[in-house]
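Data block below; observations after.
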Amino acid sequence: MKALVYTATNETVYRDEPDPVPGEGDVLVKVAASGICGSDMHAYHGKDERRVPPLILGHEVAGTVMSGPREGKPVVINPLMTCGRCAFCDQGYSHLCAERELIGMRLAGAMADYVTITPRNVIEIPADMDFVEASLTEPAATALHALNLARMRSSRPLAELNTLVIGGGAVGLLAALLLNMYGCHDLIVAETHGERRRSVAKHVGCRVHDPLNDPALAADSFDLVIDAVGGGVTRKTAMAVVKPGGIFVHIGLMDSAGELDIRKLTLFEITLLGVYCYTPADMRAAAHAIATGVLGDLSWVETRPLSEGAQAFRDLDEGRTQAAKIVLIP
């Protein structure tokens with residue numbers, strides 16, 4: 001089969017790889033669409049010790065089952081595999097399982113013609129669902145999980161909260177679309193890239209903020225802040241603008257630099273929520289939301305052939321594309 005292989009820092013190569021052989025009980029999926037995630041870029045930059053080259057990256061995937069009881073069915077893949085036996089798995093928090101494993105991390109990922117996965121990690125989708133849109137299920141589930149955590153911590157409905165989303169990439173944009181769906185109209189998305197700001201304004205219809213050129217956002221002004229970037233600068237901004245008693249949701253993992261204002265966190269009872277992935281229920285809900293069109297026009301996604309994946313990584317790295325998401329098509 002053909003695959004896009006991460007071979008060294010800042011290098012991916014489109015080449016022949018052996019066809020994957022499903023393990024006992026596993027299924028083979030023919031990949032129809034595979035998105036490039038921020039964590040794939042993190043690996044590309046050599047900043048993820050868990051992703052060791054040579055490795056096929058990719059975990060945002062939709063395709064068709066080629067073996068097993070669901071043969072011929074269109075599916076999205078829940079890329080997070082867990083033990084299914086521990087206390088976390090039993091209680092519905094399988095994403096916190098100590099034995100969790102993600103395709104495209106230590107196991108071969110989905111930037112290829114085929115990928116193998118356990119049957120419980122495939123989610124059937126409607127036969128007429130667009131595979132490119134379906135591949136957004138994984139980042140949409142991450143955004144949905146973050147908002148569910150915020151909803152459980154908030155004393156008021158999300159629709160009533162003055163909210164800031166930092167980052168107009170896929171997760172930030174999807175979080176804004178979900179908030180819009182929930183009726184949250186007091187919403188700002190902060191994004192440094194002009195084309196992404198314009199895309200957010202067009203597809204979400206909310207206010208946008210340019211952190212580089214606009215006046216700074218007022219301190220202590222947001223009930224809910226969602227950092228979908230996760231850098232030292234964005235964490236500092238988030239802590240500065242969150243209200244006393246507010247909620248700061250941290251999704252992104254760009255770096256671990258900088259300090260967190262622990263004094264404000266403590267004295268003003270800020271709720272800090274770390275977000276890792278999603279539950280299986282989040283994945284199913286996200287797939288349903290996309291399939292039913294409640295997230296609106298998803299034309300902000302850019303598609304490229306898998307054979308041009310190396311150039312897509314270079315373009316993302318060098319800022320030559322402003323697309324919130326690039327999806328590769330084998």
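The values are calculated or read from the model by the stated rules, or taken from the named source; none is laboratory data. As the structure is a computational prediction, the values presented were derived from the model and not from experiment. Counting neighbours? That spans all protein chains shown, and the Cβs are built from the backbone with ideal geometry, glycine included.
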Notebook entry, point to check: in contact with a strand residue (DSSP E or B) (Cβ under 9 Å, 6 or more places away or on another chain), farther than 18 Å from ASN121 by Cβ and hydrophobic (A, V, I, L, M, F, W, C): does that describe ALA43?
Noted result: yes
Check: Can you name the number of the only condition in (1) in contact (Cβ under 8 Å) with a residue 12 or more places away in the chain; (2) out of contact with any helix residue (DSSP H, G or I) (no Cβ under 8 Å at 6 or more places or on another chain) that LEU217 fails?
Finding: (2)
Checklist line | Subset of segment 132-146 that is crowded, with 21+ Cβ neighbours inside 10 Å and of a type in the set (A, V, I, L, M, F, W, C) - its residue that is farthest from ALA62 (Cα to Cα) | finding: ALA146
Margin query: On the basis of being surrounded by 20 or more Cβ atoms within 10 Å (Cβ to Cβ) and either hydrophobic (A, V, I, L, M, F, W, C) or closer than 24 Å to THR118 by Cα (or both), does VAL27 make the cut?
Written below: yes
Notebook entry, point to check: Does segment 123-131 include one or more residues that are in contact (Cβ under 8 Å) with a residue 40 or more places away in the chain, small (Gly, Ala, Ser) and surrounded by 20 or more Cβ atoms within 10 Å (Cβ to Cβ)?
Noted result: no
Notebook entry, point to check: Of the conditions (1) out of contact with any Lys or Arg (no Cβ under 8 Å at 6 or more places or on another chain); (2) closer than 26 Å to VAL31 by Cα; (3) surrounded by fewer than 18 Cβ atoms within 10 Å (Cβ to Cβ); (4) touching a residue at least 60 places away in the same chain (Cβ under 8 Å), PRO119 fails just one. Which one is it?
Noted result: (1)
Check: Restricted to segment 162-188, and to residues that are part of a loop (DSSP other than H, G, I, E, B) and surrounded by fewer than 24 Cβ atoms within 10 Å (Cβ to Cβ), which residue is nearest to the chain's Cα centre (by Cα)?
Finding: GLY169
Next item on the list: Could you please give the count of residues in segment 190-224 that are in contact with a Lys or Arg (Cβ under 9 Å, 6 or more places away or on another chain), among the charged types (D, E, K, R) and part of a loop (DSSP other than H, G, I, E, B)?
Entry: 3
Margin query: Under 7 Å between Cβ atoms, which residue pairs at least 6 apart in sequence (or on different chains) link something in segment 283-308 that is outside the structural domain of MET181 (by TED's automatic domain parsing) and of a type in the set (S, T, N, Q) with a partner that is modelled with pLDDT of 95 or more and outside any helix (DSSP H, G or I)?
Written below: THR303/VAL327; THR303/ILE329; SER307/TYR14
Margin query: Quick check on my filter: what residues within segment 34-60 are free of Cβ contacts under 8 Å to residues at least 60 places away in the same chain and in a strand (DSSP E or B)?
Written below: LEU55, ILE56
